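Colleague: Once you've had a glance at the structure underneath, I'll fire off some questions.
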Amino acid sequence: TQAKNTRVHFYIPKVKNVGWVDIANNPTVRLTITEGELKALKATIEGIPTIALGGVDAWVYKPTGNKKEQSVTIPDFNDYVWEGSEVDICFDNDSKLYSRTRVNTAREKLSRYLEGRGAEVYKVELPL
């Protein structure tokens, strides 16, 4: 859960025998990024290391909170070796066109960012 008045950050599930420091430093471990802590926890328990975002756009923030300022990427990305890694982006699917468009746009932006850091990105589409 996000503490009040704090910037957005990754949710890293604390699961027994999952070494996140080793995962972060080993680009041969395939990672999944999703929205929602419970999905990340369940996937990690099932053997799929998964980082959660608080929402599809929660990988960037505005440092002073001014809506007119440029968003910056959350620093959590700097804790991982992305060069040579494989990353699945698995966001929710929605039957509402507006929501689907917003989610797809966010997934594309995050994909481009990770590809710019050297990751091979796969976009996972969940069925409706």
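The values are calculated or read from the model by the stated rules, or taken from the named source; none is laboratory data. Computed from a predicted model, the values in this text were never measured in an experiment. Methodologically, a virtual Cβ is constructed for each residue, glycine included, from the backbone with ideal geometry; neighbour enumeration extends over all protein chains shown. The accessibility values were calculated without ligands, DNA or RNA, using every heavy atom of the protein model including side chains. Shrake-Rupley method; radii C 1.70, N 1.55, O 1.52, S 1.80 Å.
Colleague: Out of all the residues in segment 93-109, is one or more exposed (fewer than 13 other Cβ atoms within 10 Å of the Cβ) and touching an Asp or Glu at 6+ places or on another chain (Cβ under 8 Å)?
Modeller: No, segment 93-109 contains no residue that is exposed (fewer than 13 other Cβ atoms within 10 Å of the Cβ) and touching an Asp or Glu at 6+ places or on another chain (Cβ under 8 Å).
Colleague: Pairs please, first residue from segment 38-59 and on the phi < 0 side of the Ramachandran plot, second anywhere and part of a loop (DSSP other than H, G, I, E, B) and polar (S, T, N, Q), Cβ atoms under 8 Å, 6+ apart in sequence or on different chains.
Modeller: Once the first residue is on the phi < 0 side of the Ramachandran plot and sits in segment 38-59, its partners that are part of a loop (DSSP other than H, G, I, E, B) and polar (S, T, N, Q) give 54/2.
Colleague: Of everything in segment 5-63, what is closer than 19 Å to residue 119 by Cβ, among the acidic types (Asp, Glu) and in contact with a strand residue (DSSP E or B) (Cβ under 8 Å, 6 or more places away or on another chain)? Give them in sequence order.
Modeller: 35, the sole residue that qualifies.
Colleague: Residue 88 - would you say it is modelled with pLDDT of 95 or more and either open to solvent by 50 Å² or more (accessible area, probe 1.4 Å) or in contact with a strand residue (DSSP E or B) (Cβ under 6 Å, 6 or more places away or on another chain) (or both)?
Modeller: So residue 88 passes the test.
Colleague: Do you know which of the residues in segment 110-128 that are over 18 Å from residue 57 (Cα atoms) and open to solvent by less than 60 Å² (accessible area, probe 1.4 Å) is nearest to the chain's Cα centre (by Cα)?
Modeller: 119
Colleague: Name the residues in segment 92-110 that are at pLDDT 80 or above, of a type outside the set (A, V, I, L, M) and part of a helix (DSSP H, G or I), would you?
Modeller: Matches in segment 92-110: 99, 100, 101, 102, 104, 105, 107, 108, 109.
Colleague: Identify, from the list 39, 67, the residue that is open to solvent by 70 Å² or more (accessible area, probe 1.4 Å), in a loop (DSSP other than H, G, I, E, B) and farther than 19 Å from residue 77 by Cα.
Modeller: From the options 39, 67, the qualifying one is 67.
Colleague: If I ask for residues that are without any contact (Cβ under 8 Å) to a residue 24 or more places away in the chain and assigned to a strand (DSSP E or B), which ones from segment 70-91 would you list?
Modeller: 72 - this is the single residue of segment 70-91 that is without any contact (Cβ under 8 Å) to a residue 24 or more places away in the chain and assigned to a strand (DSSP E or B).
Colleague: Another question, then. How many residues does segment 111-128 hold that are in a strand (DSSP E or B), closer than 12 Å to residue 31 by Cβ and not acidic (Asp, Glu)?
Modeller: Selection size over segment 111-128: 2.
Colleague: Just a yes or no: is a residue in segment 13-30 closer than 23 Å to residue 105 by Cβ, aromatic (Phe, Trp, Tyr) and modelled with pLDDT of 95 or more?
Modeller: Among the residues of segment 13-30, not one is closer than 23 Å to residue 105 by Cβ, aromatic (Phe, Trp, Tyr) and modelled with pLDDT of 95 or more, which makes the answer no.
Colleague: If you take the residues of segment 44-59 that are under 15 Å from the mean Cα position of the chain (by Cα) and surrounded by fewer than 16 Cβ atoms within 10 Å (Cβ to Cβ), which of them is farthest from residue 124 (Cα to Cα)?
Modeller: Among those that are under 15 Å from the mean Cα position of the chain (by Cα) and surrounded by fewer than 16 Cβ atoms within 10 Å (Cβ to Cβ), it is 55.
Colleague: Please work out if residue 72 is under 21 Å from residue 6 (Cβ atoms) and buried (at least 17 other Cβ atoms within 10 Å of the Cβ).
Modeller: no
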